[in-house]
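Participant: Before we start, here is the structure in question, set down as structure tokens.
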Amino acid sequence: MSKIILGLSGALTHDPSAALYIDGKLVAAAEEERFIRKKHAKNQPPYESAKFCMKYAGIKPNEVDVVAFPYAPIGLLTPGRWHYARRYWYAPDRALGAIFNGNRRYRRNIHMVKELMQRFGVKWGQIKFIPVEHHLAHASSAYHLSGFKEKTAILSIDGKGEYATTFFGYGENGNIHKIKEFYDPDSLGGLYGAMTEYLGFEMLDGEYKVMGMAPYGDPAKYDLSPLIHFDGKNIKVNTGLVNTIGLRRYKENGKGFYFSPKLIDWLGPRRTDDSADDPYIHYAAGMQKLFEEISLKLIDYYLGDILRETGKLCFAGGSALNVKLNQRIIALPYVDELFVQPAASDAGTAIGAASYAAIAMGIEVEKLRHVFLGPSYTSEECIEACNRHPGKPSWQVIKNAPQRGAEIVAEGNPLAWFQGRMEFGPRALGCRSILGCPNIAGIADLINEQIKYRERWRPFCPSILDKVAGDILQTDHPAPYMTFTFDVAQHWKSRIPEVVHEDGTSRAQVVTKETNPRYYDLIEHLEKLTGNAVVLNTSLNRRGEPVVCSPADALNMFFGSDLKSLIMEDILVTKKKA
Ligand SMILES: [Fe+2]
């Protein structure tokens with residue numbers, strides 16, 4: 001009898017998602033935001049995503065054996081609740097709540113899952129419910145999917161799970177062991193998030209924008225060390241300034257922020273426009289540096305011995321999407337290979353809770369082979385969507401979509417490229433992408449101004465064929481998911497200037513034929529036309545919108561932008577001339 005495990009996320013009210021394992025095989029996974037078309041799908045249950053996973057696998061909801069969820073009850077005798085209460089003494093309602101009612105959110109979560117399963121017609125007693133500690137879910141999503149067989153160091157950093165914010169541990173023979181945890185409010189992710197808010201972006205969304213801004217600033221210009229006390233093995237966030245709750249919060253038009261008015265007194269007003277100037281670029285640079293330095297020292301302190309033994313490290317949690325930190329981790333002399341769960345933020349905990357539950361039940365979990373785990377659509381479905389769309393698109397069936405796509409890109413036009421199964425995780429990896437020619441000057445600006453409508457200083461990234469990746473990135477470290485930046489070789493910088501960041505790095509995806517043959521084919525055709533087996537790749541969405549999921553979403557995005565060409569499966573879509 002096969003075992004079916006449905007993993008659900010959304011424990012912290014953002015990034016709900018679903019993942020389905022059948023006998024240790026990850027069959028499907030998707031984020032709720034893609035279906036309901038609301039970024040991060042805040043306060044929503046993972047209903048559409050769970051529905052998709054079960055439908056894709058061809059199973060009925062009552063065939064699910066186990067529902068795994070990345071949030072667990074935390075005992076009163078464990079340190080997290082007490083630490084929280086002690087450190088948030090100035091907000092007595094929250095502090096006392098942690099002691100006397102510390103699993104309130106857990107109960108809310110159970111209620112949400114119960115309701116969700118009832119909507120599918122499944123009675124609560126009919127399935128087994130396995131709650132998994134949040135950071136264990138993150139840890140499992142990295143370790144159990146890495147395929148690493150040797151003893152492996154595990155790191156998880158996010159804003160906060162139940163109470164833990166940071167997890168150091170190791171995996172051995174399939175089991176995860178804790179070494180050390182930090183608890184709220186002592187959170188590197190929370191600190192970074194609070195500064196993200198101060199710098200004018202949304203927490204849990206704009207952190208990568210701070211990281212993108214950092215290379216434009218000088219980290220030495222302002223000393224941000226008062227934000228956090230660090231003694232080499234413990235962190236203590238300065239809650240007088242950041243990670244602030246209750247009455248200490250800075251408020252603006254009724255909205256509370258995770259920093260205090262004291263931060264404004266110290267650093268000046270918070271950034272509120274699209275500018276990238278003094279002092280904010282320097283604050284971004286300072287924050288990024290502080291985050292990198294402390295993280296690296298903690299890795300050395302808690303995980304150094306294991307890493308010196310085997311060189312393998314797994315990393316998840318929202319902060320694992322910090323590609324600059326990851327570049328520095330890979331550069332550590334004792335790290336041979338770093339695996340970052342591509343859906344490192346909470347969306348990935350649906351996978352992690354399910355993989356953790358599978359292991360606990362004695363089921364082996366397969367290595368992650370790719371993230372093309374979402375819905376796909378046939379050419380016929382794409383044609384139907386075209387015929388229904390109010391924009392009245394012109395469409396034609398084309399014979400060789402990858403070749404035609406490469407020709408459009410080589411001519412200097414951005415191309416919307418919609419193929420196969422949607423990616424799981426924040427990066428478009430060649431199935432829901434906008435592509436551009438990285439050697440044509442101005443392509444990045446064109447996409448920024450006309451299509452993505454996003455900040456002009458944000459970098460674009462390359463997809464590179466495996467055969468040239470070593471020459472461009474000067475490393476053979478695996479990089480299939482755009483989770484790392486690398487220094488671009490000098491002789492390539494002028495060849496692909498549109499995908500090299502200010503500091504000479506690229507957040508690259510190395511493409512292999514086995515995982516995405518059509519995308520590989522397109523880049524190979526582009527190589528014939530331009531000499532470079534590299535394409536600029538950015539996600540198929542506009543600023544503030546989730547990546548597109550269906551052909552109808554792609555058409556809405558297409559007609560809401562200045563894009564001229566869209567290829568969906570074997571269908572080339574253009575706009576009728578007025
Ligand atoms: Fe998390």
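Participant: Report every pair of residues separated by at least 6 positions or lying on different chains whose Cβ atoms are under 6 Å apart, first residue within segment 115-130 and farther than 16 Å from ALA11 by Cβ, second of a type in the set (A, V, I, L, M) and at pLDDT below 95.
Facilitator: Matching pairs, first to second residue: none at all.
Participant: Against the conditions (1) within 14 Å of the chain's Cα centre (by Cα); (2) within 16 Å of the ligand (Cβ to nearest atom), where does PHE339 fall short? Just the number, please.
Facilitator: Tallying (1) within 14 Å of the chain's Cα centre (by Cα); (2) within 16 Å of the ligand (Cβ to nearest atom), PHE339 fails exactly one: (2).
Participant: If LYS452 satisfies every condition in (1) within 29 Å of VAL340 (Cα to Cα); (2) touching a Ser or Thr at 6+ places or on another chain (Cβ under 6 Å) but one, which is the exception?
Facilitator: (2)
Participant: Please enumerate the residues belonging to segment 133-181 that are outside any helix (DSSP H, G or I), small (Gly, Ala, Ser) and within 12 Å of the ligand (Cβ to nearest atom).
Facilitator: Those that are outside any helix (DSSP H, G or I), small (Gly, Ala, Ser) and within 12 Å of the ligand (Cβ to nearest atom): SER156, GLY159, GLY161, ALA164.
Participant: Can you tell me which residue among PRO16, PRO61 is open to solvent by less than 10 Å² (accessible area, probe 1.4 Å), out of contact with any His (no Cβ under 6 Å at 6 or more places or on another chain) and touching a residue at least 24 places away in the same chain (Cβ under 8 Å)?
Facilitator: It is PRO16.
Participant: Can you name the residue in segment 227-252 that is surrounded by fewer than 16 Cβ atoms within 10 Å (Cβ to Cβ) and on the phi > 0 side of the Ramachandran plot and, of all such residues, is modelled with the lowest pLDDT?
Facilitator: GLY246
Participant: Hey, LEU224 hits all of (1) open to solvent by less than 50 Å² (accessible area, probe 1.4 Å); (2) over 21 Å from PHE257 (Cβ atoms); (3) hydrophobic (A, V, I, L, M, F, W, C); (4) away from the ligand (no atom under 16 Å from the Cβ) but one; which does it fall short on?
Facilitator: Answer for LEU224: the failing condition is (2).
Participant: Does segment 500-510 contain any residue that is open to solvent by less than 10 Å² (accessible area, probe 1.4 Å), modelled with pLDDT of 95 or more, assigned to a helix (DSSP H, G or I) and at negative phi?
Facilitator: No, segment 500-510 contains no residue that is open to solvent by less than 10 Å² (accessible area, probe 1.4 Å), modelled with pLDDT of 95 or more, assigned to a helix (DSSP H, G or I) and at negative phi.
Participant: A follow-up question, please. Being open to solvent by less than 10 Å² (accessible area, probe 1.4 Å) and touching a Pro at 6+ places or on another chain (Cβ under 7 Å) is the requirement here; does ALA28 meet it?
Facilitator: So ALA28 fails the test.
Participant: May I pose another question? Give just the number: which of (1) more than 16 Å from the ligand (Cβ to nearest atom); (2) over 19 Å from the mean Cα position of the chain (by Cα); (3) within 16 Å of ALA347 (Cα to Cα) does LYS25 not satisfy?
Facilitator: If we test LYS25 against (1) more than 16 Å from the ligand (Cβ to nearest atom); (2) over 19 Å from the mean Cα position of the chain (by Cα); (3) within 16 Å of ALA347 (Cα to Cα), just (3) comes out false.
Participant: Can you pull out every residue in segment 1-13 that is of a type outside the set (Gly, Ala, Ser) and either touching a residue at least 40 places away in the same chain (Cβ under 8 Å) or within 16 Å of the ligand (Cβ to nearest atom) (or both)?
Facilitator: The answer is LYS3, ILE4, ILE5, LEU6, LEU8, LEU12, THR13.
Participant: Might you check whether a residue that is touching a strand residue (DSSP E or B) at 6+ places or on another chain (Cβ under 6 Å) and in contact (Cβ under 8 Å) with a residue 12 or more places away in the chain occurs anywhere in segment 211-225?
Facilitator: The answer is no, given that none of the residues of segment 211-225 is touching a strand residue (DSSP E or B) at 6+ places or on another chain (Cβ under 6 Å) and in contact (Cβ under 8 Å) with a residue 12 or more places away in the chain.
Participant: Looking for whichever is more than 16 Å from the ligand (Cβ to nearest atom), over 19 Å from the mean Cα position of the chain (by Cα) and over 30 Å from GLU498 (Cα atoms) here; the options are GLY362, GLY405, GLY412. Which one fits?
Facilitator: So the residue among GLY362, GLY405, GLY412 that is more than 16 Å from the ligand (Cβ to nearest atom), over 19 Å from the mean Cα position of the chain (by Cα) and over 30 Å from GLU498 (Cα atoms) is GLY362.
Participant: Run GLY256 past the list (1) within 22 Å of ASP158 (Cβ to Cβ); (2) away from the ligand (no atom under 16 Å from the Cβ); (3) in contact (Cβ under 8 Å) with a residue 24 or more places away in the chain and report the number of the one that doesn't hold.
Facilitator: (3)
Participant: Only one residue in ASP218, ASP205 is part of a loop (DSSP other than H, G, I, E, B), within 21 Å of ARG458 (Cα to Cα) and more than 16 Å from the ligand (Cβ to nearest atom), so which one is that?
Facilitator: ASP218
Participant: Looking at (1) touching a helix residue (DSSP H, G or I) at 6+ places or on another chain (Cβ under 6 Å); (2) in contact (Cβ under 8 Å) with a residue 40 or more places away in the chain, which is the only condition THR196 fails?
Facilitator: (2)
Participant: I would also like to ask the following. Here are LYS180, LYS255: which of them is under 24 Å from GLN327 (Cα atoms) and open to solvent by 30 Å² or more (accessible area, probe 1.4 Å)?
Facilitator: Going through LYS180, LYS255 in turn, just one is under 24 Å from GLN327 (Cα atoms) and open to solvent by 30 Å² or more (accessible area, probe 1.4 Å): LYS180.
The values are calculated or read from the model by the stated rules, or taken from the named source; none is laboratory data. As the structure is a computational prediction, the values presented were derived from the model and not from experiment. Using ideal geometry, Cβ is built from the backbone for each residue, glycine included, and neighbour counts are taken over all protein chains shown. What goes into the accessible areas is simple: the full protein's heavy atoms, side chains included, and nothing from ligands, DNA or RNA. Shrake-Rupley method; radii C 1.70, N 1.55, O 1.52, S 1.80 Å.
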